[in-house]
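Enquirer: I have a structure I would like to understand better, so I am pasting it below and will then ask my questions one at a time.
The values are calculated or read from the model by the stated rules, or taken from the named source; none is laboratory data. Keep in mind the model is a prediction, meaning the values are calculated, not measured. As a convention, Cβ positions derive from the backbone with ideal geometry for all residues, glycine included, and neighbour counts pool all protein chains shown. Heads up: the accessible areas ignore ligands, DNA and RNA and are worked out on the full protein's heavy atoms, side chains in. Shrake-Rupley method; radii C 1.70, N 1.55, O 1.52, S 1.80 Å.
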Amino acid sequence: MLRSRQHGPIVIYILGRSLLGRSWYHAAAYWVDGLLIDSGCAHTARELVQALDDRPVFQVVNTHAHEDHIGANRLLQDERGARILAHPLALPTLADPRGRQPLHPYRRFFWGYPDPSSGEPVPEVIETDCYRFHVIHTPGHCLDHICLYESDKGWLFSGDAYIGGQDRAMRADYDIAAMIASLELLARLDAAYLFPGSGHVRQNPRPALERKIAYLRQLGERIYTLHQRGLTPQQIRCRLLGPELPIAYLTLGHFSGLNLVRAYLHSYREISSAQPALPETTI
Ligand SMILES: [Zn+2]
């Protein structure tokens, strides 16, 4: 399933596999001035290429190598001649998605394995005819995550670095300390608009980013306190997050409250002292 809408010169594509007449989990791709930011999942790759129609796609930037962000890379490379750009750590996964990123059954079902594509290391600044996008490394959601910032317009394309709401489930491999540091870096940009991986565009996103940072920090403090008292991750999950959400069962425990607690316990020592690094580019 694909829906699109326009935000000024930016075209927003919302992509997701349909089931029982609705799309359950979706990801966004953004087109602006010949640049495509993320390319959805394998199941919607052909739909996206068709929807792009006669819009030129000179460059595709993947915010990270998760399968719901790189799905149409190969088609766009082969059929539209697009260059594929991503963080150097993402390139091996782009080249060999099956070998480097084995997918759980739910991920195969909703998004599928992308075809391999040949990517290049993303430069510090991406230029289109009309815009300049600064590339900012924002690890946490995963190590190879980047965001793009057009400082004249105040556009911040944030991939999965910012996910709205108050998390009650996560994957165990998220690095919470790095996630908070990256969110602090993004909040300091004071962007005019946030274009996240969900497609829910936010105007003046700084307060939402700061609320998210505060929530993640407070949750970490509560988890750490209970951990020091000797509670197990399961007991901490029960106490602070309540019963597991349906998504925990759907993902066979991969995306769960218990894994959220585990992710915190992996990195809790760094959370209170996390100092975000300044981006290498001058913004
Ligand atoms: Zn992701």
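Enquirer: How many residues does region 101-124 contain that are in contact (Cβ under 8 Å) with a residue 12 or more places away in the chain, within 16 Å of the ligand (Cβ to nearest atom) and assigned to a helix (DSSP H, G or I)?
Expert: Final tally of qualifying residues: 3.
Enquirer: Just to be sure before I move on: is His43 touching a residue at least 60 places away in the same chain (Cβ under 8 Å) and either closer than 19 Å to Val125 by Cβ or open to solvent by 10 Å² or more (accessible area, probe 1.4 Å) (or both) in the structure I sent?
Expert: Yes: the conditions hold for His43.
Enquirer: If I ask for residues that are assigned to a helix (DSSP H, G or I), closer than 20 Å to Met170 by Cα and touching a Phe, Trp or Tyr at 6+ places or on another chain (Cβ under 7 Å), which ones from region 184-238 would you list?
Expert: Leu209, Lys212, Gly220, Ile223, Tyr224
Enquirer: Ok, one more. Would you pick out the residues in region 225-239 that are of a type outside the set (Gly, Ala, Ser) and open to solvent by 40 Å² or more (accessible area, probe 1.4 Å)?
Expert: Kept after step one, since they are of a type outside the set (Gly, Ala, Ser), are these residues of region 225-239: 225-229, 231-239.
The answer is Thr225, His227, Gln228, Arg229, Thr232, Pro233, Gln234, Gln235, Cys238, Arg239.
Enquirer: Right, something else. Output the residues belonging to region 136-154 that are open to solvent by less than 20 Å² (accessible area, probe 1.4 Å) and away from the ligand (no atom under 15 Å from the Cβ).
Expert: The answer is Ile136, Leu148, Tyr149, Glu150, Gly154.
Enquirer: Then there's this: Criterion first (open to solvent by less than 10 Å² (accessible area, probe 1.4 Å) and assigned to a loop (DSSP other than H, G, I, E, B)) does Ala172 satisfy it?
Expert: On the way: open to solvent by less than 10 Å² (accessible area, probe 1.4 Å): no; assigned to a loop (DSSP other than H, G, I, E, B): yes.
In short, no.
Enquirer: Hey, among Arg188, Arg168, which residue is in contact with a helix residue (DSSP H, G or I) (Cβ under 8 Å, 6 or more places away or on another chain), more than 16 Å from the ligand (Cβ to nearest atom) and farther than 27 Å from Leu2 by Cα? Even if it seems obvious, please write down each step before you answer.
Expert: Values: Arg188 fails: in contact with a helix residue (DSSP H, G or I) (Cβ under 8 Å, 6 or more places away or on another chain).
Result: Arg168 is the single residue among Arg188, Arg168 that is in contact with a helix residue (DSSP H, G or I) (Cβ under 8 Å, 6 or more places away or on another chain), more than 16 Å from the ligand (Cβ to nearest atom) and farther than 27 Å from Leu2 by Cα.
Enquirer: Also, quick follow-up: Looking only at strands (runs of 3 or more DSSP E) that lie completely in region 6-96, which have at least 3 residues being within 16 Å of the ligand (Cβ to nearest atom)? Full working, then the answer.
Expert: Details: elements: 10-19, 22-32, 35-37, 59-61, 83-86.
Output list reads 10-19, 22-32.
Enquirer: With Phe133, Phe157 as the choices, which residue is away from the ligand (no atom under 14 Å from the Cβ), crowded, with 24+ Cβ neighbours inside 10 Å and among the hydrophobic types (A, V, I, L, M, F, W, C)?
Expert: Details: Phe157 fails: away from the ligand (no atom under 14 Å from the Cβ).
Answer to the check: Phe133.
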